[in-house]
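Just below is one structure, and these are the notes that go with it.
The values are calculated or read from the model by the stated rules, or taken from the named source; none is laboratory data. If you're wondering where the values come from, they're calculated on a predicted model, not measured in any experiment. Don't worry about glycine lacking a Cβ; one is built from the backbone with ideal geometry, like all the others, and counts go over all protein chains shown.
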């Protein structure tokens, strides 16, 4: 499982980092984001890329757990 941390970054950087990570074709990936815009954009990107995902709130941040 890969994990990327995009906290503190504004869009489109979280989506671009997610794309770079899934280009390696992992079975699962966790993405940390810290705002609603990044959460929504990364979630939409994962759905379009064929991944299922679950969003969990971790204190003030979001953990997006995605898998094929």
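Tabulated values for the structure
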item	result
So residue 11, is it surrounded by 15 or more Cβ atoms within 10 Å (Cβ to Cβ) and assigned to a loop (DSSP other than H, G, I, E, B)	yes
Subset of the range 44-65 (residues that are without any contact (Cβ under 8 Å) to a residue 40 or more places away in the chain and in a strand (DSSP E or B))	52, 53, 54, 55, 56, 57, 58, 62, 63, 64, 65
Residue check, residue 34 surrounded by 15 or more Cβ atoms within 10 Å (Cβ to Cβ), in contact with a strand residue (DSSP E or B) (Cβ under 6 Å, 6 or more places away or on another chain), at pLDDT 95 or above and under 16 Å from residue 2 (Cα atoms)	no
Which numbered condition residue 26 misses (of (1) at pLDDT 95 or above; (2) in a loop (DSSP other than H, G, I, E, B); (3) touching a strand residue (DSSP E or B) at 6+ places or on another chain (Cβ under 6 Å))	(1)
Residues (closer than 20 Å to residue 61 by Cα and exposed (fewer than 15 other Cβ atoms within 10 Å of the Cβ)) located in the range 20-31	28
Filtered residues of the range 29-43 (kept if assigned to a helix (DSSP H, G or I) and either touching a residue at least 40 places away in the same chain (Cβ under 8 Å) or within 10 Å of the chain's Cα centre (by Cα) (or both))	38, 39, 40, 41, 42, 43
Residue within the range 45-61 that is surrounded by 14 or more Cβ atoms within 10 Å (Cβ to Cβ), over 9 Å from the mean Cα position of the chain (by Cα) and within 12 Å of residue 5 (Cβ to Cβ) present	yes
